[in-house]
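Structure first, commentary second.
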């Protein structure tokens, strides 16, 4: 795809989303709908991208500034008009262009690669990405002749009763020969029912002019377009399922995938076990042989070394944990560095925020933090130190190595000189 321009059609209003923000910027995993599309395209080798934007275009342009060029569709007159506007930004030396929708985030990088490979190998004027589904309602149907040759794409609103029975649908992603596209795209006429120019009509035009049209098939899940909040939920569910399957294939045990959410950027080592109702957000790294959950939450910036256990109702944020440390019950660690072999008792809280700034807590190797302890950052608990149950270690009152402290505020139980 290095010598191919990619056009992303992302100008729509997203009416069914009932939203005040562009549909492309709605959350998908830890990113956005369009962010996922851009990531997959880059993984497929795309280096030159143009996005057609319209509704609240400035927000989309700001979010993806530096990653692509932008063309504004002055009037939202449909996908055919949008692509015609984008063609002005396609370099003259481009022989082919890939066109995809800004609301189909489940198309994988592998599918993009094979679509392009098929298009170039077949020397086609147009290659359509299609799939077969048992529920084709609302999708454009691929109409073929008796020999299997593609004739046209017919939209749901314009389809006859026989055409509505067709199960092969248009996914909305295409490869075009640029010269043919530029020659024939202005032949698309406005659809009188929708008052828009349908890009799908270009297939009929190319066919009637003797141009070669081929198809490449994909998994039906990839065809899911995000047009409503329900669609967005389905897309998020699909991304999470793919992530969990990938992790399980790599040697991670996930006890109950139906109740587990793991961001697709998370790295987890083999033989780690994830128990039910666990949430692991972006920018988290977990080594092997860890046990996480149930009902645990790992937030961004968390890094766990080998053999760490994080149990029920524990939450970690921007926290690094050393080998074989146990954080088993109802604890919160934020902006914390924990050494190896540490025991964190039930109900331990690091008070990392003073109302203005976040502060760091350091707990060194082999320390023992008792039940219900509060550590007010910034504070350091030394190697092998013990903080008794219910104690409050106030800020800047570091506990020296090997010392036991108790009370509110925490004081040495015995002299460190003994």
Checklist entry - Scanning for something out of contact with any helix residue (DSSP H, G or I) (no Cβ under 6 Å at 6 or more places or on another chain) and modelled with pLDDT under 95, does segment 6-13 turn up at least one residue? => result yes
Checklist entry - Quick check: is even one residue across segment 386-399 surrounded by 22 or more Cβ atoms within 10 Å (Cβ to Cβ), under 30 Å from residue 265 (Cβ atoms) and at pLDDT 95 or above? => result no
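The rows are residues; the columns are (1) farther than 19 Å from residue 173 by Cα; (2) in contact (Cβ under 8 Å) with a residue 60 or more places away in the chain; (3) not assigned by TED's automatic domain parsing to the domain that holds residue 240.
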residue	(1), (2), (3)
59	yes, no, yes
71	no, no, yes
82	no, yes, yes
98	no, yes, yes
105	no, yes, yes
Checklist entry - Is it the case that residue 97 is assigned to a helix (DSSP H, G or I), buried (at least 19 other Cβ atoms within 10 Å of the Cβ) and modelled with pLDDT of 95 or more? => result no
Checklist entry - If only one of 163, 156, 183 is closer than 15 Å to residue 211 by Cα, surrounded by fewer than 22 Cβ atoms within 10 Å (Cβ to Cβ) and free of Cβ contacts under 8 Å to residues at least 40 places away in the same chain, which one is it? => result 183
Checklist entry - Within segment 319-335, which residues are under 26 Å from the mean Cα position of the chain (by Cα), under 19 Å from residue 288 (Cβ atoms) and surrounded by fewer than 24 Cβ atoms within 10 Å (Cβ to Cβ)? => result 320
Item to check | Verdict on residue 227 being touching a helix residue (DSSP H, G or I) at 6+ places or on another chain (Cβ under 9 Å) and either outside the structural domain of residue 17 (by TED's automatic domain parsing) or under 29 Å from residue 10 (Cβ atoms) (or both) | outcome: yes
Next on the checklist: Checking the condition farther than 29 Å from residue 261 by Cβ and not assigned by TED's automatic domain parsing to the domain that holds residue 266, which residue from 45, 14 passes?
Outcome noted: 45
Checklist entry - So which of 243, 302, 278 is touching a residue at least 12 places away in the same chain (Cβ under 8 Å), buried (at least 18 other Cβ atoms within 10 Å of the Cβ), under 24 Å from residue 37 (Cβ atoms) and not assigned by TED's automatic domain parsing to the domain that holds residue 107? => result 243
Next on the checklist: Just to check your reading of the model, which residue among 307, 288, 301 is more than 29 Å from residue 378 (Cβ to Cβ), assigned to a loop (DSSP other than H, G, I, E, B), out of contact with any strand residue (DSSP E or B) (no Cβ under 6 Å at 6 or more places or on another chain) and at pLDDT 95 or above?
Outcome noted: 288
Checklist entry - Where residues in segment 364-384 are within 20 Å of residue 335 (Cα to Cα) and free of Cβ contacts under 8 Å to residues at least 24 places away in the same chain, which of them is surrounded by the fewest Cβ atoms within 10 Å (Cβ to Cβ)? => result 378
Checklist entry - Looking at segment 252-264, which of its residues are in contact with a helix residue (DSSP H, G or I) (Cβ under 9 Å, 6 or more places away or on another chain) and either in a loop (DSSP other than H, G, I, E, B) or free of Cβ contacts under 8 Å to residues at least 12 places away in the same chain (or both)? => result 252, 260, 263, 264
Checklist entry - Only one of these conditions is not met by residue 354: (1) farther than 20 Å from residue 315 by Cα; (2) at pLDDT below 95; (3) within 38 Å of the chain's Cα centre (by Cα). Which number is it? => result (1)
Checklist entry - Going by the conditions given, is residue 104 part of a strand (DSSP E or B) and either within 30 Å of residue 192 (Cα to Cα) or over 26 Å from the mean Cα position of the chain (by Cα) (or both)? => result no
Next on the checklist: Suppose the filter is farther than 23 Å from residue 114 by Cα and at pLDDT below 95; does residue 25 pass it?
Outcome noted: no
Checklist outcome for this item: Over segment 44-86, the set of residues assigned to a helix (DSSP H, G or I), touching a strand residue (DSSP E or B) at 6+ places or on another chain (Cβ under 8 Å) and over 15 Å from residue 13 (Cβ atoms) is 61, 63, 80, 83, 84, 85, 86
Item to check | Restricting segment 13-27 to residues that are in a loop (DSSP other than H, G, I, E, B) and in contact with a strand residue (DSSP E or B) (Cβ under 9 Å, 6 or more places away or on another chain), the residue that is nearest to residue 94 (Cα to Cα) | outcome: 22
Checklist entry - If you scan segment 120-136, which residues turn out to be in contact with a strand residue (DSSP E or B) (Cβ under 7 Å, 6 or more places away or on another chain) and without any contact (Cβ under 8 Å) to a residue 24 or more places away in the chain? => result none
Next on the checklist: Please pick out the residue among 360, 297 that is more than 22 Å from residue 391 (Cα to Cα) and either touching a helix residue (DSSP H, G or I) at 6+ places or on another chain (Cβ under 9 Å) or free of Cβ contacts under 8 Å to residues at least 60 places away in the same chain (or both).
Outcome noted: 297
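The values are calculated or read from the model by the stated rules, or taken from the named source; none is laboratory data. What you see is a predicted model; the values in this text were computed from it and never measured. Reconstructed Cβ throughout: ideal geometry from the backbone, glycine too, with neighbour counts over all protein chains shown.
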